[in-house]
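Asks: This is the structure, below, for whatever I ask next.
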Ligand code: SF4
Ligand code: SF4
């Protein structure tokens, strides 16, 4: 399976199964297209002879054959064979999302957690529940040494003392059980202060700073409960925080909605504020919501991704480059076959814990009683749910079969699929269009990077 496209002046051919990317001239690009349609060599020569000399066509065909011989073009899908083995794999729990506070000091319009309450009641996780969650993780992680714990909310800083005590407890347990905790924190910044920054810089491997971009965009979507915007309060704190972390191990994360389809301006605004690790993601919401993305917005959003990618190339050349999370792609073949097939690990390797200790497949399922898997004292009681998530992979999803992005996206988000289709084995279709566009932009950025590196070497 191949995918051909033109972007920013590059003719790009992706060999989906091997992950090989080729930047080619017009002739090779057209011939690969004809070969993909099943045309025979003689027929291709006749078609192309209107514009090219016979020797040029033969040379192009030889080059293509060479790539085929090297296993870089028109390759077979070797992962499909691994799928049975994949389904039978033993899984351990590697990561927990601790809902340390089902409460929030902001009232963000798009919040899936409903101002932190997750269709339920307001609650803070007690130290005892958190401690039990860490014990559960250790006990269910098998031989795995590196474990991840994300302090999530609502707003985790509303329960900061418990966060600190849990980190302390985790550090004690590491030594006893030969484990290594990687703690992370997601915050809206309202309660951020020097003491919290200092602690987080010592203990948190990564922090996610929630900010949407330009002041008017951020303030509209992320107001306080009484309506005032939060931009002026959080921006200086986030800037200080990012700086105090040496401009690494954080990312400024925002959401764009129908209200800011020109979201490339928000990404660039965050870069202008000095952040160089940025993620601005499309909102996922029911079409009934006025801010939800609709099918008619897709062309505009794709244009914005193109605009952003081109500006990123320009800024990088000027020495002002930054990372945009959704354009980061591993073209070296990815970490392992399982990761390529299954993605985030929700429901198996990754679980969410509510303030009162219930377990769900991930933070997005919290409050959906159908997905209640157990609790941190009794462990996972619903093996059927775990098995369903374990079997959820790109080959289980019909729509992914013909999708060129399948090995970068790993079959998309189970929660989004469930929210739109009532099944974790479908896909969120608008999200897929945007995902494909991002993969195209990401590959184009790599092509530009390679070209720049070549020019610098000459
Ligand atoms: S983009 Fe959509 S269709 Fe393509 S692999 Fe991802 S989930 Fe599947
Ligand atoms: S199912 Fe979706 S929301 Fe949940 S962890 Fe996976 S990617 Fe994230």
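Every number in this text was worked out from the coordinates using simple rules, so none of it is lab data. Quantities reported herein were computed from a predicted structural model and do not represent experimental measurements. Virtual Cβ from ideal backbone geometry, glycine too; neighbours counted across all protein chains shown.
Asks: State, as an integer percentage, the relative contact order of the chain based on alpha-carbon contacts under 8 Å between residues 6 or more apart.
Replies: Relative contact order here is 15 percent.
Asks: Starting from the Kirkwood Rh over alpha-carbon pairs, what translational D in µm² s⁻¹ does segment 415-458 have by Stokes-Einstein at 25 °C and 0.890 mPa s?
Replies: After rounding, the answer is 195 µm²/s.
Asks: What angle do you read, to the nearest 10 degrees and between 0 and 90, between the alpha-carbon axis of helix 231-244 and the longest principal axis of the chain?
Replies: 80 degrees
Asks: In a Debye calculation with equal point scatterers on the alpha-carbon sites of segment 87-337 and no solvent, what is log10 I(q)/I(0) at q = 0.09, 0.12 Å⁻¹?
Replies: Each listed q corresponds, in turn, to -0.45, -0.80.
Asks: Same structure, new question: Taking the Cα atoms of segment 2-78, what is the range of coordinates along each of the three principal axes, in descending order and whole Å?
Replies: Principal-axis extents of segment 2-78 (Cα, largest first): 36, 28, 19 Å.
Asks: In nm, give the distance between the simple-model label positions of residue 92 and residue 291, each being 7 Å from the Cα along the Cα-to-Cβ direction.
Replies: Reported label-point gap for residue 92 and residue 291 is 4.0 nm.
Asks: Report the calculated FRET efficiency for residue 199 and residue 177 (r = Cβ-Cβ distance, R0 = 22 Å), to the nearest 0.05. Kindly include the intermediate steps, with their values, before the conclusion.
Replies: Numbers: r = 23 Å, r/R0 = 1.05.
So the FRET efficiency works out to roughly 0.45.
Asks: Relative contact order, percent, of segment 2-78 when contacts are C-alpha pairs under 8 Å separated by at least 6 residues?
Replies: 32 percent
Asks: Hey, got the Cα dimensions of segment 176-240 along the principal axes, in Å, largest first?
Replies: Extents along the principal axes, in whole Å: 49, 20, 20.
Asks: For the chain, take the longest principal axis of its alpha carbons; what is the angle in degrees between that and the long axis of helix 429-457, to the nearest 10 within 0 to 90?
Replies: That works out to roughly 70 degrees.
Asks: With a cut-off of 14 Å, note down the residues of segment 18-35 whose backbone N falls inside the zone around a label point 7 Å from the Cα of residue 4 toward its beta carbon.
Replies: Hits in segment 18-35 for residue 4 at 14 Å: 22-35.
Asks: Given the chain, what percent of its DSSP beta bridges are antiparallel, to the nearest 5? Write down the numbers at each step before the final one.
Replies: Values: 20 of 53 bridges.
Counting DSSP beta bridges with both partners in the chain, the antiparallel share is about 40 percent.
Asks: At what distance in angstrom do the alpha carbon centres of segment 299-329 and segment 236-291 lie from each other?
Replies: 14 Å
Asks: Quote the relative contact order of segment 87-337 in percent (integer), defining contacts as alpha-carbon pairs under 8 Å separated by 6+ residues.
Replies: Relative contact order, segment 87-337: 15 percent.
Asks: Then there's this: If all Cα-Cα distances of the chain are sorted into 10 Å bins from 0 onward, what percent lands in each bin, rounded to whole numbers?
Replies: 4, 18, 27, 27, 15, 6, 3, 0
Asks: Decide, for segment 142-191, between rounded, prolate and oblate: order the square roots of the alpha carbon gyration tensor eigenvalues as a ≥ b ≥ c, take rounded if a/c falls under 1.5, and otherwise choose prolate if a/b is larger than b/c, else oblate.
Replies: Note, shape of segment 142-191 comes out prolate.
Asks: By the gyration tensor of its Cα atoms, with a ≥ b ≥ c the square roots of the eigenvalues, what is the shape of segment 226-267: rounded for a/c under 1.5, prolate for a/b over b/c, or oblate?
Replies: Values: a/c = 3.10, a/b = 1.41, b/c = 2.20.
Since a/c reaches 1.5 but b/c is at least a/b, the shape of segment 226-267 is classed as oblate.
Asks: May I pose another question? Provide the convex hull volume over Cα atoms per residue for segment 1-132, in Å³.
Replies: 223 Å³
Asks: Which stretch or stretches of segment 12-30 have amide N atoms under 17 Å from the point lying 7 Å from residue 317's Cα along the Cα→Cβ direction?
Replies: It comes to no residues whatsoever.
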